[in-house]
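Visitor: Quick one: this structure, given as structure tokens, is what I'll be asking you about.
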């Protein structure tokens with residue numbers, strides 16, 4: 001029995017050593033050595049991640065990443081850690097993360113199984129659905145009303161894939177065109193060059209609020225996808241744990257309500273699905 005206990009003890013010590021070695025070789029070591037964490041942000045995705053009036057990154061996801069920064073400082077215990085903000089786009093965000101240029105992406109990236117072949121994600125920070133923004137005067141109310149119409153969408157996004165699948169499955173013959181970003185899409189919609197712009201529902205609402213235009217918009221009633229958001233990072237269990245610890249603490253403390261109200265109050269209180277997501281991701285220590 002004593003021999004078995006000694007063997008188990010040796011195995012336990014070996015596992016601890018491997019864990020420490022993994023941390024020493026991973027993202028936390030990179031951050032500790034540089035005394036800097038590099039955070040990616042989207043310049044054009046309000047209210048989650050965008051450039052504020054002061055020229056600084058701001059938004060719902062950015063606030064959560066700032067809390068992760070505090071959690072990293074606490075975990076490393078090596079004094080102040082600076083933040084280096086790096087702008088990323090829908091097209092280059094994955095390469096920025098996998099190359100090591102960005103330690104954590106603070107945007108509106110949907111967690112999918114396919115994407116997890118390349119990168120890792122935090123626990124969910126938001127859940128949304130794909131929708132189509134139209135001009136109110138067009139009176140397009142349902143997905144079926146898009147037959148014969150032109151819809152803009154950013155290429156390489158989960159929205160593009162889900163929209164094409166939904167239209168095909170429902171035998172809706174709509175023309176899909178690529179738009180560079182939200183600004184270009186809203187301009188094309190306002191100029192009647194497209195009939196609708198497809199993106200996550202909350203992002204579309206944020207664009208309308210930010211535009212402060214006299215033009216009246218509406219969202220079609222049908223959601224065509226489920227979009228669970230997460231903070232994206234490289235595969236690194238030690239770093240992911242620190243990120244998730246900070247997120248869970250934000251949910252447990254109730255601070256998430258302050259963040260939600262700061263950025264999403266015009267859209268009302270969290271619905272049942274989002275409230276359930278917060279509750280289910282309030283993971284105890």
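Visitor: Taking residue 62, is it at negative phi, without any contact (Cβ under 8 Å) to a residue 60 or more places away in the chain, crowded, with 18+ Cβ neighbours inside 10 Å and under 14 Å from the mean Cα position of the chain (by Cα)?
Guide: yes
Visitor: Taking the residues in the range 182-224 that are surrounded by fewer than 16 Cβ atoms within 10 Å (Cβ to Cβ) and within 20 Å of the chain's Cα centre (by Cα) as candidates, determine which candidate is farthest from residue 126 (Cα to Cα).
Guide: Taking the candidates together, the pick is 183.
Visitor: So residue 140 ticks every box in (1) under 15 Å from the mean Cα position of the chain (by Cα); (2) buried (at least 18 other Cβ atoms within 10 Å of the Cβ); (3) under 19 Å from residue 207 (Cβ atoms) but one. Which box is left unticked?
Guide: Of the numbered conditions (1) under 15 Å from the mean Cα position of the chain (by Cα); (2) buried (at least 18 other Cβ atoms within 10 Å of the Cβ); (3) under 19 Å from residue 207 (Cβ atoms), the odd one out for residue 140 is (1).
Visitor: Would you confirm, using the coordinates I've provided, whether residue 221 is closer than 29 Å to residue 38 by Cβ and either in the same structural domain as residue 136 (by TED's automatic domain parsing) or in a helix (DSSP H, G or I) (or both)?
Guide: So residue 221 fails the test.
Visitor: Might you check whether a residue that is within 26 Å of residue 124 (Cβ to Cβ) and modelled with pLDDT under 95 occurs anywhere in the range 25-32?
Guide: Looking for residues that are within 26 Å of residue 124 (Cβ to Cβ) and modelled with pLDDT under 95, one finds at least one in the range 25-32, hence yes.
Visitor: Being closer than 30 Å to residue 211 by Cα and out of contact with any strand residue (DSSP E or B) (no Cβ under 6 Å at 6 or more places or on another chain) narrows it down to one of 93, 67, so name that one.
Guide: Matching residue, one of 93, 67: 67.
Visitor: Let me ask you something else. Is one or more of the residues making up the range 173-180 touching a residue at least 24 places away in the same chain (Cβ under 8 Å), farther than 30 Å from residue 99 by Cα and out of contact with any strand residue (DSSP E or B) (no Cβ under 6 Å at 6 or more places or on another chain)?
Guide: Scanning the range 173-180, I find at least one residue that is touching a residue at least 24 places away in the same chain (Cβ under 8 Å), farther than 30 Å from residue 99 by Cα and out of contact with any strand residue (DSSP E or B) (no Cβ under 6 Å at 6 or more places or on another chain), so the answer is yes.
Visitor: Among the listed residues 227, 184, which satisfies the condition of being modelled with pLDDT under 95 and touching a helix residue (DSSP H, G or I) at 6+ places or on another chain (Cβ under 8 Å)?
Guide: Being modelled with pLDDT under 95 and touching a helix residue (DSSP H, G or I) at 6+ places or on another chain (Cβ under 8 Å) holds for just one of 227, 184, which is 227.
Visitor: A further question on this structure: With the condition kept exactly as written, say whether any residue in the range 14-23 is surrounded by 15 or more Cβ atoms within 10 Å (Cβ to Cβ) and at pLDDT below 50.
Guide: Within the range 14-23, one or more residues are surrounded by 15 or more Cβ atoms within 10 Å (Cβ to Cβ) and at pLDDT below 50.
Visitor: Report, ordered by the first and then the second residue, all pairs with beta carbons closer than 8 Å, sequence separation of six or more or different chains, a first member in the range 93-106 that is in contact (Cβ under 8 Å) with a residue 40 or more places away in the chain and in the same structural domain as residue 158 (by TED's automatic domain parsing), and a second member that is buried (at least 23 other Cβ atoms within 10 Å of the Cβ) and in a loop (DSSP other than H, G, I, E, B).
Guide: Matching pairs, first to second residue: none at all.
Visitor: Same structure, new question: Can you find a residue that is closer than 27 Å to residue 265 by Cα, part of a helix (DSSP H, G or I) and in the same structural domain as residue 255 (by TED's automatic domain parsing) anywhere in the range 74-92?
Guide: no
Visitor: Considering the range 232-269 alone, what residues qualify as being surrounded by fewer than 18 Cβ atoms within 10 Å (Cβ to Cβ), in a loop (DSSP other than H, G, I, E, B) and at negative phi?
Guide: 235, 269, listed by residue number.
Visitor: Could you tell me whether residue 166 is within 30 Å of residue 283 (Cβ to Cβ) and in a helix (DSSP H, G or I)?
Guide: no
The values are calculated or read from the model by the stated rules, or taken from the named source; none is laboratory data. Since we're looking at a predicted model, the values are computed, not measured. Note that we place each Cβ from the backbone using ideal geometry, even for glycine, and neighbour counts take in every protein chain shown.
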